[in-house]
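The values are calculated or read from the model by the stated rules, or taken from the named source; none is laboratory data. Small disclaimer: the values here were computed from a predicted structure and weren't measured. Here the Cβ is made from the backbone with ideal geometry for all residues, glycine too, and neighbour counts use every protein chain on show. Protein only, heavy atoms only, side chains kept; ligands, DNA and RNA dropped before computing areas. Shrake-Rupley method; radii C 1.70, N 1.55, O 1.52, S 1.80 Å.
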Amino acid sequence: MMALADFEYGDTIHRCFRCGYCKFPVDWTDVNNCPAYARYRMETYSCGGRLWLTRAWLSDEIDWTAHFAHIMFSCTACKNCEAKCPLSFNVDILNMITAAKGEMVERGTIPPLVKEFLENIQRHGNPYGTPKAKRGDWLDGMGLKPYQGQDYLYYVGCIGSYDTRAQEIARALGAVLDRAGVSFGVLGVEEGCDGNDVNMIGEQGLFEVLAEDNIAQFKDLGVHRIVTLSPHAYNAIKNEYPCYEGDFEVLHYTQLLQCLISDGDLDISKGFEARVTFHDPCFLGRWNGEYEASREILQAIPGVTFIELEKNRESALCCGGGGGNFYIDFLGGSPDSPSRRRVREAHETGANILAVACPSCLNMLEDAVKSEELEDKISVQDISEIVAKACGITA
Amino acid sequence: MDSVYEALVEIVGPEHVSSQPEELFIYSWDLGTTEPHRPDYAVAPRTAEEIRKIVQLANKEKIPVVPLGGGLSLAGLAVPFKGGILLDLKRMDDIIEVNERARYALVECGVSQGKLTAYLERHHPHLTHSEPGAPPAATIAGNVVIHGQGDLAHPYGFNSDMINGLEVVTPTGEICQFGSCAIGAGWFTLHPLPDVGLFLGWTGTTGIITKVSLRLFPCKKIRGMAQFVVDDEDLVPEVFYKITHTQMVEDIMATSQAIPPFSSELHHFTINIAADSEKELEFKLEIVFDDTLGEYIHKGDGGYLGFIRGLERPQLSKTSDWRKGGGFEYVGSIMPIEQYPECYRRGKEISERHDIPYTVLARCIGTAHAMMFSWTYAFNRADPKTIEHAREALHETDDLALELGGTIWKPGLYGQRLVMEKLNPNTLELMRKIKQLLDPNGIMNPGNWEAQ
Ligand SMILES: Cc1cc2nc3c(=O)[nH]c(=O)nc-3n(C[C@H](O)[C@H](O)[C@H](O)COP(=O)(O)OP(=O)(O)OC[C@H]3O[C@@H](n4cnc5c(N)ncnc54)[C@H](O)[C@@H]3O)c2cc1C
Ligand code: SF4
Ligand code: SF4
């Protein structure tokens with residue numbers, strides 16, 4: 001069993017002062033920008049709480065309990081804390097939390113839902129436990145080509161491949177890329193899990209296997225450029241795969257669409273009338289500093305009035321889906337759930353569309369719209385769908 | 001399942017009460033050097049009515065109730081020394097009303113300093129409150145309870161002097177209001193009704209404040225910080241005196257610290273100046289730095305380091321990271337300004353004795369009526385020896401504050417004992433009677449201000 005002295009961050013973790021800057025967005029609007037703290041509002045669920053508890057656990061001051069594990073795995077890896085903590089160790093905050101989760105994985109003391117999540121990925125290559133053979137079902141009737149050396153591999157990811165609603169955006173993006181004449185192919189049933197959330201859960205071993213398998217497959221197929229549907233996959237391929245000699249040029253699809261539009265290769269002149277606000281996904285924004293592509297796309301669509309959410313860019317409140325929480329959902333079930341808070345914030349802007357650029361955010365926020373009974377006021381739409389409509393691909 | 005737990009669940013719902021080891025661990029710790037003590041329950045109420053029921057339950061069961069705001073007062077003031085119910089008040093964080101014309105904000109007790117600042121910036125840019133240098137998670141109520149001071153302390157005094165009204169749950173579970181609100185009028189004035197001195201400075205031992213009406217002040221279009229430096233501590237009191245005579249500035253602070261070494265032993269003034277136009281700004285800078293402090297500059301005793309636009313948000317918690325140690329605590333005192341040189345010299349000696357880089361700060365309160373002088377001691381949370389050193393230094397400094405003719409601000413238990421030993425016996429007896437009357441079962445934040 002690991003002791004504090006053996007913990008990779010054993011000489012850092014005591015530096016958290018528990019001052020609480022990390023609960024805030026940039027402009028201090030409220031203390032609810034750590035999604036887990038927003039949900040539970042006990043100090044244990046704040047970032048500082050997690051760091052102090054981890055240190056206490058590794059120093060044998062507290063024992064492992066299911067509740068402690070719940071506290072740790074409710075962290076969505078949204079990075080708000082790292083963006084706001086004024087102290088220089090802030091770059092390691094998430095590493096510390098993830099390492100603590102990893103230690104629980106190692107000891108086999110993880111919540112049943114986390115175990116299920118990981119086992120499903122290990123056995124079936126997706127968190128849902130759906131047979132791998134069904135991974136390509138989203139492609140039915142689409143006529144998209146398998147990847148055979150085209151310019152781009154269109155990497156869809158687990159949620160876009162299996163979740164019924166997310167499949168719609170996977171298809172919308174396929175159709176838009178097709179319309180723009182992009183040379184791309186898909187892996188369909190051969191696609192594997194990108195592993196981003198496995199990594200955030202701290203299951204390093206499984207992540208390595210997934211990353212290495214994907215890298216080997218991409219290399220075998222001669223892939224050089226990848227465009228992803230999900231910011232989570234984008235993050236893993238961009239920032240983690242190079243550690244396993246997987247160096248690919250990777251774009252999130254919003255970055256590609258923004259180039260296509262600005263170069264005149266994608267005609268969105270049909271447009272449509274809507275008041276649209278945009279929710280920054282953590283793995284595009286805080287993790288990778290990409291804040292502009294989505295905004296430029298939305299602002300370029302004729303008829304769209306773009307309205308910023310009060311908490312935007314670096315200050316965006318996470319939807320609560322990261323770190324596997326789109327599946328384990330430790331933050332759900334309450335009006336204080338971050339997804340419901342976020343949807344209320346979006347509604348307050350007066351927008352009738354809440355635009356997202358991530359299948360996980362799509363699911364989380366769409367469910368929240370239903371829970372808030374706002375279906376007739378605001379709809380959650382992915383930018384891929386919005387662009388498909390602006391191109392006249394869909395009505 | 002124990003009956004108190006069940007009763008608490010009944011009051012606040014299952015998600016807002018815990019007797020699990022993790023919550024009990026976290027809420028047992030202060031951020032400073034105070035030894036931890038576990039509560040039996042951690043509860044996060046949402047309304048005054050819930051608090052009323054909790055207090056009634058606590059009286060019935062004779063168990064302590066310890067209110068907690070941001071938990072940033074650093075002197076162990078919300079450590080549940082005798083267990084009981086730890087009330088985390090931060091869920092009560094609605095800004096209920098901002099009255100632009102009467103310049104006040106009515107807030108629930110758990111509203112953070114940061115939230116009020118952001119709200120005013122966005123919705124009432126002509127108004128501001130006296131924001132303390134504490135991290136933004138500090139609460140409005142927690143700050144007035146301990147007589148905090150913010151960046152308008154020079155023109156307007158202690159934050160607890162800026163109260164227009166309070167709502168309080170008494171230790172026996174009555175919800176009371178004080179000020180004009182108590183007669184059903186607006187929350188615009190505290191006077192001339194009987195005062196609320198029963199709840200301020202008592203660190204939650206006489207009741208739980210649930211609402212505060214706080215005075216707001218004009219926020220000028222340009223706000224910024226000027227820097228002035230002197231190398232002789234003996235000059236500091238007269239510089240304070242002269243600047244305050246101009247009545248041209250907002251906040252005035254003097255700091256001196258061992259790190260970085262090149263500016264050690266210098267005394268840096270940070271002087272906040274606000275103006276609605278360039279003309280006004282130029283005029284104020286001229287009055288303060290040419291007409292008033294010019295003589296020091298000409299004689300080579302002082303230097304003007306410039307004016308920076310914008311008030312930088314305080315990030316004083318960086319102090320905790322000096323030695324990558326994660327902790328610090330300070331003794332604050334309210335002291336005549338003329339004692340600055342002695343406070344500085346003696347404080348530096350204490351720091352050196354305990355091998356802690358010295359950090360001192362003085363903030364002007366009122367028109368140089370007093371200063372809040374603080375001595376800060378950083379420690380390494382992972383090294384018990386350094387914590388012990390800091391604790392000893394803090395105790396020596398508590399003694400020093402009284403020796404130099406000041407009072408200790410927000411003293412911890414050690415400092416409270418020192419103050420009570422010095423207190424006029426009749427005053428102490430009156431305090432005891434008030435406490436007995438308000439809190440017959442002694443449930444509120446026990447350990448603090450226990451006048452035996
Ligand atoms: C880096 C740093 C800088 C600081 N700078 C300043 C400064 O410039 N000015 C300043 O004034 N302070 C400063 N402080 C001290 C302190 O953080 C602030 O005064 C802060 O506002 C205290 O509020 P809190 O909510 O954290 O109170 P807490 O620490 O939670 O509570 C303080 C006391 O009040 C009681 N209490 C809390 N809420 C209530 C309530 N609603 N009803 C009854 N009792 C209650 C608690 O039991 C406790 O005894 C600083 C602290 C730090 C760490
Ligand atoms: S992580 Fe940083 S900001 Fe958050 S409590 Fe710790 S020291 Fe403060
Ligand atoms: S990463 Fe997000 S959820 Fe996790 S502690 Fe930081 S702010 Fe909270």
*asked:* Please give me the summed charge of the neighbours of residue A:130: other residues whose Cβ is under 12 Å from its Cβ, Lys and Arg +1, Asp and Glu -1.
replied: +2
*Tell me which lysines have Cα within less than 26 Å of residue A:145's Cα, excluding those fewer than 8 residues away on the same chain?*
A:132, A:134, A:219, A:238, A:389
*Pop out the ³J(HN,Hα) list for the stretch B:281-289 in order, Karplus 6.51 cos²θ - 1.76 cosθ + 1.60 with θ = phi - 60°, rounded to Hz; leave Gly and Pro as x.*
5, 4, 4, 5, 4, 5, 4, 6, 8
*Just from its helices, what would the mean residue ellipticity at 222 nm be for the protein assembly as shown, if runs of 4 or more DSSP H residues each count -39500 (n - 2.57) and the sum is divided by every residue, rounded to the nearest 500 deg cm²/dmol?*
-10500 deg cm²/dmol
*Between their Cα atoms, which of A:84/B:82; B:82/B:433; A:311/B:220 are more than 30 Å away from each other?*
A:84/B:82
*asked:* What value in Å³ per residue do you get for the convex hull of the alpha-carbon atoms in the stretch B:1-156?
replied: 124
*Scan around residue B:365 for amide H atoms under 5 Å from its own, H built in the peptide plane at 1.01 Å from N, and keep only partners 5 or more places away or cross-chain.*
B:370, B:371, B:372
*Can you tell me the FRET efficiency between residue B:126 and residue B:369 if r is taken as the Cβ-Cβ distance and R0 is 25 Å, rounded to the nearest 0.05?*
0.35
*Pull out a ≥ b ≥ c, the square roots of the eigenvalues of the alpha-carbon gyration tensor of chain A, then state rounded if a/c is under 1.5, prolate if not and a/b is larger than b/c, and oblate in the remaining case.*
oblate
*asked:* Can you compute the charge dipole magnitude of the protein assembly as shown about its Cα centre, using +1 on each Lys and Arg Cβ and -1 on each Asp and Glu Cβ, nothing else charged? Give it in debye, rounded to the nearest 20.
replied: 1300
*Out of all DSSP beta bridges with both ends in the protein assembly as shown, state the antiparallel percent to the nearest 5.*
70
_Of all DSSP beta bridges in chain A, antiparallel share, percent nearest 5_ = 0
*Could you tell me the total accessible area buried at the B-A interface, probe 1.4 Å, in square angstrom to the nearest hundred?*
3700
*asked:* Given a 1.4 Å probe and heavy atoms of the protein chains only, how would you sort B:250, B:392, A:373, largest accessible area at the top?
replied: A:373, B:392, B:250
*asked:* With +1 assigned to the C-beta of every Lys and Arg and -1 to the C-beta of every Asp and Glu, and no other charges, what is the dipole magnitude of chain B about the Cα centre in debye, to the nearest 20?
replied: 740
*asked:* Ordering B:262, A:272 by accessible area with a probe of 1.4 Å, largest first, what comes out?
replied: B:262, A:272
_the stretch A:87-159 versus the stretch B:26-40: alpha-carbon centroid distance in Å_ = 39
*asked:* Taking R0 as 35 Å, what FRET efficiency do you get between residue B:433 and residue B:404 from their Cβ-Cβ distance, rounded to the nearest 0.05?
replied: 0.70
*Using a Förster distance of 51 Å, how high is the FRET efficiency between residue A:376 and residue A:63, based on the Cβ-Cβ distance and rounded to 0.05?*
0.55
*Hey, rough spin-label estimate for residue B:298 and residue A:245, points 7 angstrom out along Cα→Cβ, what's it come to in nanometres?*
7.6
*Using a 1.4 angstrom probe with every protein chain in place, what is the largest-first accessible-area order of B:309, A:41, A:275, B:101?*
B:101, B:309, A:275, A:41
*asked:* Computing the accessible area with a 1.4 Å probe over protein heavy atoms, can you report the carbon and sulfur percentage for the stretch B:140-232?
replied: 58
_Ignoring ligands, DNA and RNA, please state the percent of accessible area on the stretch A:82-129 from carbon and sulfur, probe 1.4 Å._
46
*Could you state the accessible area per residue of the stretch B:220-284 in Å², with a 1.4 Å probe and every protein chain left in place?*
45
*With a ≥ b ≥ c taken as the square roots of the eigenvalues of the C-alpha gyration tensor of the stretch B:341-452, please select rounded if a/c is under 1.5 and otherwise prolate if a/b is larger than b/c or oblate if it is not?*
oblate
_Explain nothing, just compute: Karplus ³J(HN,Hα) = 6.51 cos²θ - 1.76 cosθ + 1.60, θ = phi - 60°, for every residue of the stretch B:54-62 in order, whole Hz, x for Gly and Pro._
5, 5, 5, 4, 4, 5, 4, 8, 6
*Roll a 1.4 Å probe over the protein chains and send me the accessible area per residue for the stretch A:267-390 in Å².*
32
*asked:* On a full-extension model of 0.36 nm per residue, what is the gain between residue A:334 and residue A:395, subtracting their alpha-carbon distance, rounded to one decimal in nm?
replied: 18.5 nm
*On the full set of protein chains, 1.4 Å probe, figure out the accessible area of residue B:30 and give it in Å² to the nearest 10.*
10
*For residue B:127, enumerate residues with amide H under 5 Å from its amide H, sequence gap 5+ or separate chain, H modeled in the peptide plane.*
B:219
*Kindly identify residues of the stretch A:68-94 having a loss of at least 50 Å² in accessible area between the isolated chain and the assembly of all protein chains, probe radius 1.4 Å.*
A:86, A:87
*Taking the Cα centre of each part, how many Å lie between the stretch B:354-377 and the stretch B:1-25?*
41
*the protein assembly as shown: D in µm²/s via Stokes-Einstein (Kirkwood Rh, Cα pairs, 25 °C, 0.890 mPa s)?*
85
_Solvent-accessible area of residue B:245 with every protein chain in place, 1.4 Å probe, in Å² to the nearest 10_ = 140
*Note the angle between two axes, namely the Cα long axis of helix A:204-221 and the longest principal axis of the Cα atoms of chain A, as a number of degrees from 0 to 90, rounded to the nearest 10.*
30
*For the stretch B:264-278, just list the computed ³J(HN,Hα) in residue order, Karplus coefficients 6.51, -1.76 and 1.60, θ = phi - 60°, integers in Hz, with x standing in for Gly and Pro.*
4, 6, 8, 10, 9, 8, 10, 10, 7, 10, 10, 7, 8, 8, 4
*Percent of accessible area on the stretch A:158-222 owned by carbon and sulfur, 1.4 Å probe?*
44
*asked:* How tilted is helix B:3-12 with respect to the longest principal axis of chain B? Cα atoms for both, answer in degrees (0 to 90, nearest 10).
replied: 60
*If you stretched the chain out fully between residue A:116 and residue A:140, how much longer would it get, using 0.36 nm times the residue separation minus the C-alpha to C-alpha distance?*
5.8 nm
*Which far-off residues, 5 or more places away or on another chain, put their amide H under 5 Å from the one on residue B:104, with H placed in the peptide plane?*
B:99, B:216
